[in-house]
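Everything on this sheet refers to the single structure shown next.
The values are calculated or read from the model by the stated rules, or taken from the named source; none is laboratory data. Note that the coordinates shown come from a computational prediction; the quantities given were computed from them, not determined experimentally. Cβ sites come from the backbone with ideal geometry, for glycine too, and all protein chains shown count toward neighbours.
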Amino acid sequence: MKGTAAVLIGLAVLAAAVPLVAGDYFVGVGLSLLMYVALTQSWIVLSGMTGYVSLGHVVFYGLGGYVAALAWGVIPLAGIVVFAGLAAFVLAAAIGLPALRVRGPYFVILTFGLAELAKYVVIVIEGWLGKFSRVMFGGPGLDTLFYIMLGLAAAATLITLLVRRSRFGQGLLAIRENEEAAETVGVPTVRLKLLAFGLSAIIPGMVGSLMVLRSTYFEPALLFDPVISFSIVTMAVVGGSDDVKGPLLGAAGFVLLSELLWANAPQLYMIMVGVLLIGFVLFVPEGLSGRLFRARRSGAK
Amino acid sequence: MDAILSGQLLAAALVTGALYALTALGLNLVYGTMRLLNVAHGDLVMIGAYVAFWAFTLLALSPLLSMFAAAAIAALFGLALYYGLFRRLLEGGKAAQRLEANSLLLFFAVSVIVQNVAALQFSGTPRGFQYLGDVYRFGNVAVTGNRIAAFAVAMVLCFGIMAFLRFHVMGLAIKALIQRRDAAAIVGINVERVQILTLCLGFATAAVAGALVSMTEQISPFMGFPFTIAAFVVIILGGLGNVTGGIVAGFLLGALETYGVALTSSAYRSILIYGVFVLILLVRPQGLLGGRRIVR
């Protein structure tokens, strides 16, 4: 475990040095890498731990972005980030109780439907307000955003690490293995699931608020893009969600792939994502980190 | 108010309802027998629509004929998916641990791949063609010939499949599998064969629905998803695995959408569909018409 901590701290220091030595292009790539690390780590607190697979996590990201778009110029940056996280938490708390009663594949399609519903509701609200996209002037510089995002990615990783080793995390894992049995032996399943849902929403909300300031404009269809939810799930599956290193591996692989393909051949990128998801679900369900870790352990025997 | 009560809206609701009923029927059969939620179902509608479009533009073939080709292509696709992906999952093994969630991820991946391959091949531009565009009048209601044809074919297929399920041995086997999987195997039903047949049948009906849709609407590589959602709403409303309930629910959703949009505006169409979808899952996942609980 000390090894993991050392590797994580080393990576964070390395990342912190990027804006000092590299140009804007690499800082931009680093920003999207950190964004996906933060999103995927947060997603794992709910979906990796409890087995309630959310395919609508973009809803928190989008809400955070919307909060930032509304509040930009009214309250300072730090306030916006905090407020975006809070809004995402409130949304999760509000929909969590009814949504988390729905299980298995129904929860998956429900979360997807909720995110799409939120997207169309925001589009209609913006229509009422007479705005079809918002432009935000004088946003923070790329380096500032990068360092805040680094903080969020580190926080998300730390939260996942701590949750996994806590009693709370053990309860969540019990829910994943057998919810009825967990409830029978006294795990307060409803409370734990709700808490995990809320916890997994905060950081995506904050990330969304940063990314809207990065792109300097807000458009509902872009912020609530289901491709983001889909990417999060794929990164977690490919990287492996039973280990804090999984999302790092998954996010790194996909950001690389997307830099190579997204600008020139977005369809090809999506096809590759689909193929990788199928391959990993069928052949490597434990993910890259699970595979590498196990290989090393069995090699040592 | 007059507009709401007019036969024109009723005709539109019936056509939409028939297409939803047909699309959902295939999804319902696949879910009922295999317990797999096919989120790529709408993409088969898209494939069927493109088969009909190209057959009409390149070969001047009527969609009412090319729909057979569409059905065959979709059935073959179902066969390929079964042997390529799902047999491994259904048989057990490492990936089968969380079968339903895993199968859902696989179908999502298939959906993304199919959509993007289509976008790459056919470009994202919406396309359409004119076929049976003549207007027929019934009293003060005007309906185009293609809508009448789409409605008629969808109805014939729905009732044909219902009769097949009721009277044919294979249809009875499908129903047995829907009711009690394990018991069906015990009384000597070849579960795997029935599953393959159902998957092909389900895919084929979706593709036929797509060929019918292509006569009345513009088509695009990303047209499938709304159909997937609509089909889910329909089968959840009608009760999972309940074929008759699904057909009734198809018309219900067709009416809800048509009248809902007529009463408000088309900007609310997506909110309406997704809202109903979310509401049903949250409030009454066992369905309005069926009594079957979806607890796994």
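Restricting attention to the stretch A:212-240, the residues that are at pLDDT below 90, more than 21 Å from A:E126 (Cα to Cα) and hydroxyl-bearing (S, T, Y) total 2.
Within the stretch A:89-118, residues that are at positive phi have Cβ atoms under 9 Å from residues that are outside any loop (DSSP other than H, G, I, E, B) in these pairs: A:G104/B:E100; A:G104/B:A101; A:G104/B:L104, counting only partners at least 6 apart in sequence or on another chain.
Identification of helices (runs of 4 or more DSSP H) wholly contained in the stretch A:176-284 with 2 or more residues that are within 12 Å of another protein chain (Cβ to nearest Cβ) and closer than 19 Å to A:S42 by Cβ yields A:226-239. Kindly list, by first and then second residue, each pair from a residue in the stretch B:110-125 that is over 20 Å from B:F86 (Cβ atoms) and at the interface with chain A (Cβ under 7 Å from one of its Cβ atoms) to a residue that is aliphatic (A, V, I, L, M) and buried (at least 21 other Cβ atoms within 10 Å of the Cβ), limited to pairs with Cβ atoms under 8 Å and residues at least 6 apart or on different chains. Correct list of pairs: B:N116/A:M270; B:N116/A:I271; B:L120/A:I271.
Among residues belonging to the stretch B:70-96 that are surrounded by fewer than 18 Cβ atoms within 10 Å (Cβ to Cβ), of a type in the set (G, A, S) and in a helix (DSSP H, G or I), point out the one that is farthest from the other protein chains (Cβ to nearest Cβ). Out of the qualifying residues, it is B:A72. I'd like to know if the stretch A:37-57 contains one or more residues that are of a type outside the set (G, A, S), within 14 Å of another protein chain (Cβ to nearest Cβ) and without any contact (Cβ under 8 Å) to a residue 12 or more places away in the chain. No, the stretch A:37-57 has no match at all.
Quick one: would you say A:L292 is more than 14 Å from chain B (Cβ to nearest Cβ) and closer than 30 Å to A:K131 by Cα? It is false that A:L292 is more than 14 Å from chain B (Cβ to nearest Cβ) and closer than 30 Å to A:K131 by Cα. Among the residues of the stretch B:31-53, those that are modelled with pLDDT under 90 and either over 11 Å from the mean Cα position of the chain (by Cα) or assigned to a helix (DSSP H, G or I) (or both) comprise B:Y31, B:G32, B:T33, B:M34, B:R35, B:L36, B:L37.
Only one of the numbered conditions (1) under 28 Å from A:N178 (Cβ atoms); (2) in contact with an Asp or Glu (Cβ under 9 Å, 6 or more places away or on another chain) is violated by A:V27, and that is (1).
Exactly one residue out of A:F146, A:F132 is under 23 Å from A:Y217 (Cα atoms) and within 14 Å of chain B (Cβ to nearest Cβ), and it is A:F132.
For A:F197, state whether it is over 19 Å from the mean Cα position of the chain (by Cα) and touching a residue at least 12 places away in the same chain (Cβ under 8 Å).
For A:F197, the condition - over 19 Å from the mean Cα position of the chain (by Cα) and touching a residue at least 12 places away in the same chain (Cβ under 8 Å) - is not met.
Looking at B:T244, B:T228, B:T216, B:T205, just one residue is within 14 Å of another protein chain (Cβ to nearest Cβ) and under 25 Å from B:L10 (Cα atoms), and that residue is B:T228.
One residue stands out in the stretch A:241-255 among those that are at pLDDT below 85 and under 14 Å from the mean Cα position of the chain (by Cα): the one that is farthest from A:A155 (Cα to Cα), namely A:S241. With respect to the conditions (1) surrounded by fewer than 19 Cβ atoms within 10 Å (Cβ to Cβ); (2) out of contact with any Gly (no Cβ under 9 Å at 6 or more places or on another chain); (3) of a type in the set (G, A, S), A:S200 falls short on a single one, namely (1). Applying the selection to the stretch A:104-125, what residues are facing chain B (nearest Cβ under 7 Å) and either surrounded by 24 or more Cβ atoms within 10 Å (Cβ to Cβ) or not hydroxyl-bearing (S, T, Y) (or both)? Selection gives A:G104, A:P105, A:V108, A:I109, A:L110, A:G113, A:L114, A:E116, A:L117, A:V121, A:V124.
For the stretch A:245-259, a residue qualifies if it is in contact (Cβ under 8 Å) with a residue 60 or more places away in the chain and surrounded by fewer than 24 Cβ atoms within 10 Å (Cβ to Cβ), and the qualifying residues are A:K245, A:A252, A:V255, A:S258, A:E259.
Out of all the residues in the stretch A:106-134, which are modelled with pLDDT of 85 or more and outside any helix (DSSP H, G or I)? Hit for the stretch A:106-134 is A:L129, nothing else. Between B:L120, B:L105, the distinction of being buried (at least 21 other Cβ atoms within 10 Å of the Cβ) and modelled with pLDDT of 80 or more belongs to B:L105 only.
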